[in-house]
Amino acid sequence: MGGTTRRPYGSTAKTRQMVLAALGVVKVATAEQIRQLMCPGTASAQTVRNGCLDLAREGLVESLGSASRINANGNQVTEKLWNLTGPGLEAAATLLDRPTKEMGGTARGAARAGAKHAVKVTDTIAAFLQTSPEPTRPVLRKRSQAATTAPASVPSHDATPAAPAPQQRPVGMGRIASWATEVVLPVAGTQTTPAKGSLRADAVLTAPEHRLPVLFVEVDNGTENPVTLSYKVSRYRDFFRRTVKHPSASPGWQDDARVPLWQLMFDPLKAKPRSRGYWRQDHPPLAIVFTKKVGATAMNNRIDHVVRLTRLHWEGHYRSGHSYSPSEDDSFTDYQDTVPLLLTTLDRLQQHGPLGAVWWRAGHGAWETLADALANPDGKAAYEHREAVRREEERQQREREQREYEEQWEREEREAKARRDRQRAQRAAEEEARKSAVEPDPTCQQCGGPLKKANTATDDPQEDLAPPPDGLRCAACRIQLAEPTTRIGRFIRRVIDRPSSDSGRWYV
């Protein structure tokens, strides 16, 4: 494409914005690195290079050094290193929507020295991003003036060529604006005037979309021994432990409103003052990326050495939980005030991406994905989950027992009601049968005969002579029992009972 007087290299506004955004984050990079960060779908780095050259004419970027790398063919290639100028830093801050004071320096000294460490940091960020390549639109070529004798069935070479298929890359995380490099982490003092012992993080990623509020990244080129790396981990722990008073805390919250400084710097929503002890949160993870290419044995030995030296900072503490039975004693590991330490290599990141099984979590003992590496299967959260499951099971058991008790009670009530109904029905039937049955004539208890003679023709004459009925004896038995037993009594009775000769009836 042809250029203009102001931009002779013909770069587009989009290309120049990508160059400013990339250099605003990584500070120094080659054109090929910027292409990998921002537009890996382009055929070559010439598009980015043209953007850098046009920005250089405007005084926004400059090239003060060069860096060497090995290309895909195994050849050593030397490329220019590009960095921002002062005005370029301000332009990048506007583009990234960041305060200029948080942008850091222009990295002019690093560019002059070849920026070996900065170049590896840029490669690490590119391996995290894994920017998806977008297919580019090929440039239309003018039709050749020479006549062609090719048959109509043969496609013309003047036709627009097909766009190359985009290269497949692993899934990445974050975007260029999610990163910051050379971030001052003051153990004491301020960010502008940090105290001695403070450190400067190589790169910091904020990716809340991956449930990762902040990830600190340290890039090791093999120039630092494991002791130096372990000391750096201890300084990270000191920084994570630092608490400050929340700037928006009310006067009455002077003791309760202290929050970790790292939350104020990278996760202000989480750092809101709430209740006493809220600031006691787990520390954010720290990732160490080894970039030097060595053998598998040498790399494993280096990782093991770093893990052993930093055990004090990442190892949790055993805590006994509840005893549910003599054979079941639940417990957990308390990772409070520990640093989740992740280790990997640049080659693994570039090949599998940050979401692949490329992370070695200190204390886990296997290569894991980022989610598995950040998890604590033996930690307090897992224990609390088991506790919640057990409480839910106990609640369900109590509900089952209550339902069984209520069902048993209802069943017994139904059975008792059925028994009472049957008894009432039986008594009613017996009463009905008794009423409907013919009662037998009463008998005399003395002689066993009928208590009263049933004679419809004439009445029993003895009923008039017998004592009054007593319901137990017949008239004859009552008369017999009423007869006198002495001699005088029998005589008087015969006189009284003598029949009249006139009437033929008994009279007195």
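Please work out the average accessible area per residue across the range 1-65, using the 1.4 Å probe convention, and give it in Å².
40 Å²
Can you list the HN-Hα couplings for the range 374-384, worked out from phi with the Karplus curve (6.51, -1.76, 1.60; θ = phi - 60°), rounded to whole Hz and with x for Gly and Pro?
Per-residue couplings from phi come out as 7, 7, 10, x, 9, x, 5, 4, 5, 4, 5 Hz.
Assigning unit charges at the beta carbon (Lys, Arg +1; Asp, Glu -1) and nothing else, what dipole magnitude in debye, to the nearest 20, does the range 1-84 show about its Cα centre?
The dipole magnitude comes to about 140 debye.
Assuming a ≥ b ≥ c are the square roots of the Cα gyration tensor eigenvalues, decide whether the range 1-110 counts as rounded (a/c under 1.5), prolate (otherwise, with a/b larger than b/c) or oblate.
Oblate is the answer for the range 1-110, as a/c is 1.5 or above yet b/c matches or exceeds a/b.
Which percent of the accessible heavy-atom area of the range 350-470 goes to carbon and sulfur, probe 1.4 angstrom?
50 percent
In square angstrom, rounded to the nearest 10, how much accessible surface does TRP314 have for a 1.4 Å probe?
Here the residue's solvent-accessible area equals roughly 20 Å².
Loop only per DSSP, at most 15 neighbouring Cβ atoms within 10 Å: give me the GluC sites (Glu not before Pro) in the range 183-251, ordered by residue number.
Those satisfying the criteria are GLU224.
Pop out the carbon and sulfur fraction of the accessible area of the range 183-229 as a percent, whole number, probe 1.4 Å.
Ligands and nucleic acids excluded, carbon and sulfur give 55 percent.
Amide H neighbours of LEU199 under 5 Å, at least 5 residues apart or on other chains, H built in the peptide plane: list them.
LEU185, VAL187
At 1.4 Å probe radius, can you tell me the per residue accessible area of the range 336-445 in Å²?
I get 70 Å² per residue for this part.
Return the carbon/sulfur percentage of the accessible area of the range 1-76, one whole number, probe 1.4 Å, all protein chains in place.
46 percent
Against the 2.2 N^0.38 Å scaling, with N counting residues, where does the range 344-441 land? I'd like the Cα-based Rg ratio to two decimal places.
Compared with the compact-globule rule of thumb, the range 344-441 sits at 2.88.
Select from the range 1-65 those GluC sites (Glu not before Pro) which occupy a DSSP coil region and have at most 13 other Cβ atoms within 10 Å, ordered by residue number.
Answer by residue number: there is no such site.
Residue by residue, what Karplus-based ³J(HN,Hα) values in Hz, rounded to whole numbers, does the range 94-108 have, using 6.51, -1.76 and 1.60 with θ = phi - 60° and x for Gly and Pro?
For the range 94-108, the Karplus-derived couplings read 5, 5, 8, 6, 10, x, 4, 5, 8, 7, x, x, 8, 6, 5 Hz, x marking Gly and Pro.
Work out from phi, with θ = phi - 60° and the Karplus expression 6.51 cos²θ - 1.76 cosθ + 1.60, the ³J(HN,Hα) of each residue of the range 401-412, listed in order in whole Hz, and give x for Gly and Pro.
After applying 6.51 cos²θ - 1.76 cosθ + 1.60, I find 5, 5, 5, 5, 4, 5, 5, 5, 4, 5, 5, 5 Hz.
Given a 1.4 Å probe, how much area per residue of the range 169-234 is accessible, in Å²?
45 Å²
The values are calculated or read from the model by the stated rules, or taken from the named source; none is laboratory data. What you see is a predicted model; the values in this text were computed from it and never measured. Note that each Cβ is placed from the backbone with ideal geometry, even for glycine, and that neighbours are counted across all protein chains shown. What goes into the accessible areas is simple: the full protein's heavy atoms, side chains included, and nothing from ligands, DNA or RNA. Shrake-Rupley method; radii C 1.70, N 1.55, O 1.52, S 1.80 Å.
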